[in-house]
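Worksheet: one structure, shown below.
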Amino acid sequence: MRAIPSAAVEIRPAGMQDIDKMCEFVEELLVKWDARATKRDAQRVYEHVMKSPDLGVILVAETLAENTGNTEGRKAGMCGFAYASYEWRSEFGGETMELVEMFVEQAARSAGVGRRLLNELIICGRERGIHRFSCQVHPGNSAIERALESCGLDPERRTVWSLNL
């Protein structure tokens, strides 16, 4: 299986027409994370965020079809997505952005697609006046750690505590 060159990928805001494919992708993440949520729960979240853009942003990565070396304009399909939420934090002097989910399909991994999605989220954050971009990483996910580091993020030493309600 050949990796997709990141130049053959277009990043764009997600639309309602993308939700089914995003839910298909997120199903793999939910199992991996041993999450209590379902694909249907994810669908409700994505629809809510898309209807209320002040809650967050969802970007999708689409591969461009090869057509005799010219990839301009022809889309072959979604190969990944990233969802980030917005939150106001006095600790950081205003609005912050946190990467909530990112998924890149197997055929597009190790080709810079995740890094491209992250960079586009960071650009969205800068354009919005975001004060801080952050991400929680599940233990052992070295791929996301490399992508985050390549985008200029540094690990923080905080412990996340939670209570499922």
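Let's see how each residue does on (1) at pLDDT below 90; (2) touching a Leu at 6+ places or on another chain (Cβ under 8 Å):
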site	(1), (2)
1	yes, no
32	yes, no
55	no, no
73	yes, yes
79	no, no
Next item on the list: Note down all Cβ pairs under 9 Å where the first residue falls in the stretch 150-165 and is on the phi > 0 side of the Ramachandran plot and of a type outside the set (Ser, Thr, Tyr), the second is surrounded by 10 or more Cβ atoms within 10 Å (Cβ to Cβ) and in a loop (DSSP other than H, G, I, E, B), and they're at least six residues apart or on different chains.
Entry: none
Notebook entry, point to check: Among the residues of the stretch 111-126, is any within 13 Å of the chain's Cα centre (by Cα) and among the polar types (S, T, N, Q)?
Noted result: yes
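Would you check if residue 44 is of a type in the set (Lys, Arg), under 24 Å from residue 162 (Cβ atoms) and at pLDDT 95 or above?
Numbers: of a type in the set (Lys, Arg): yes; under 24 Å from residue 162 (Cβ atoms): yes; at pLDDT 95 or above: yes.
The answer is yes for residue 44.
Okay, residues lined up against (1) on the phi < 0 side of the Ramachandran plot; (2) in contact with a strand residue (DSSP E or B) (Cβ under 6 Å, 6 or more places away or on another chain):
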| position | (1), (2) |
| --- | --- |
| 104 | yes, yes |
| 107 | yes, no |
| 112 | no, no |
| 116 | yes, yes |
| 124 | yes, yes |
| 127 | yes, no |
| 131 | yes, yes |
| 134 | yes, yes |
| 137 | yes, no |
Margin query: I'm trying to understand the selection: among the residues of the stretch 135-153, which are more than 12 Å from the chain's Cα centre (by Cα) and either under 19 Å from residue 94 (Cβ atoms) or aromatic (Phe, Trp, Tyr) (or both)?
Written below: 153
Checklist line | Residues that are over 19 Å from residue 52 (Cα atoms), assigned to a loop (DSSP other than H, G, I, E, B) and small (Gly, Ala, Ser), drawn from the stretch 79-131 | finding: 93, 110, 111, 112
Margin query: I'd like the full set of residues that are within 14 Å of residue 83 (Cβ to Cβ) and either among the hydrophobic types (A, V, I, L, M, F, W, C) or assigned to a loop (DSSP other than H, G, I, E, B) (or both), limited to the stretch 8-32.
Written below: 11, 14, 15, 19, 22, 23, 25, 26, 29, 30
Notebook entry, point to check: Would you call residue 101 modelled with pLDDT of 90 or more, buried (at least 18 other Cβ atoms within 10 Å of the Cβ) and of a type in the set (Asp, Glu)?
Noted result: yes
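The values are calculated or read from the model by the stated rules, or taken from the named source; none is laboratory data. Just so it is clear, the structure is predicted and the values come from calculations on it, not from any experiment. Counting neighbours? That spans all protein chains shown, and the Cβs are built from the backbone with ideal geometry, glycine included.
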